[in-house]
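Q: The structure's right below; bear with me while I get my questions together.
The values are calculated or read from the model by the stated rules, or taken from the named source; none is laboratory data. No experiment lies behind these values; they were computed from the predicted model shown. So basically every Cβ, Gly included, is an ideal-geometry build from the backbone, and we count neighbours across all protein chains shown.
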Amino acid sequence: MLHSVSRSVLIPTAVRLAAGGEGVILVGRRREKLVKVAWLIEQVGGRAHVFPADVTNGEEVHKLRDQVVDQTGWSVQLHS
């Protein structure tokens with residue numbers, strides 16, 4: 001799971017992971033930026049899941065965990 005991935009420094013990492021066969025969960029505050037990164041990932045044959053959330057908000061983080069599990073089936077552990 002990558003958060004703040006819409007920052008340009010993390011985009012190549014997300015694309016590289018996805019191109020290598022990893023599923024990538026994109027998390028950030030701005031959905032439109034996450035969708036652009038997801039499009040790049042799909043262009044290299046990868047798969048990305050977009051989850052807009054503010055990871056500085058504890059309530060949103062717990063909601064995010066539930067959404068990821070429900071929509072992807074992947075298990076999620078939260079660590080601070």
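Q: Determine whether Gly45 is modelled with pLDDT of 85 or more, closer than 20 Å to Gly73 by Cβ and assigned to a loop (DSSP other than H, G, I, E, B).
A: Considered against the rule, which asks whether it is modelled with pLDDT of 85 or more, closer than 20 Å to Gly73 by Cβ and assigned to a loop (DSSP other than H, G, I, E, B), Gly45 comes out as no.
Q: OK, next. So if I check each of Val69, Val37, Val44, which one is β-branched (Val, Ile, Thr) and touching a strand residue (DSSP E or B) at 6+ places or on another chain (Cβ under 7 Å)?
A: Exactly one residue qualifies, and that residue is Val37.
Q: May I pose another question? Return the residues of the stretch 48-77 that are outside any helix (DSSP H, G or I) and modelled with pLDDT under 90; say none if nothing qualifies.
A: Correct list: Val55, Gly73, Trp74, Ser75, Val76, Gln77.
Q: Right, another one. Among the residues of the stretch 37-80, how many are within 16 Å of Arg16 (Cα to Cα) and either of a type in the set (A, V, I, L, M, F, W, C) or surrounded by 15 or more Cβ atoms within 10 Å (Cβ to Cβ) (or both)?
A: Here the count works out to 9.
Q: Does Ala38 qualify as being part of a helix (DSSP H, G or I), at pLDDT 85 or above and within 22 Å of Gly73 (Cα to Cα)?
A: yes
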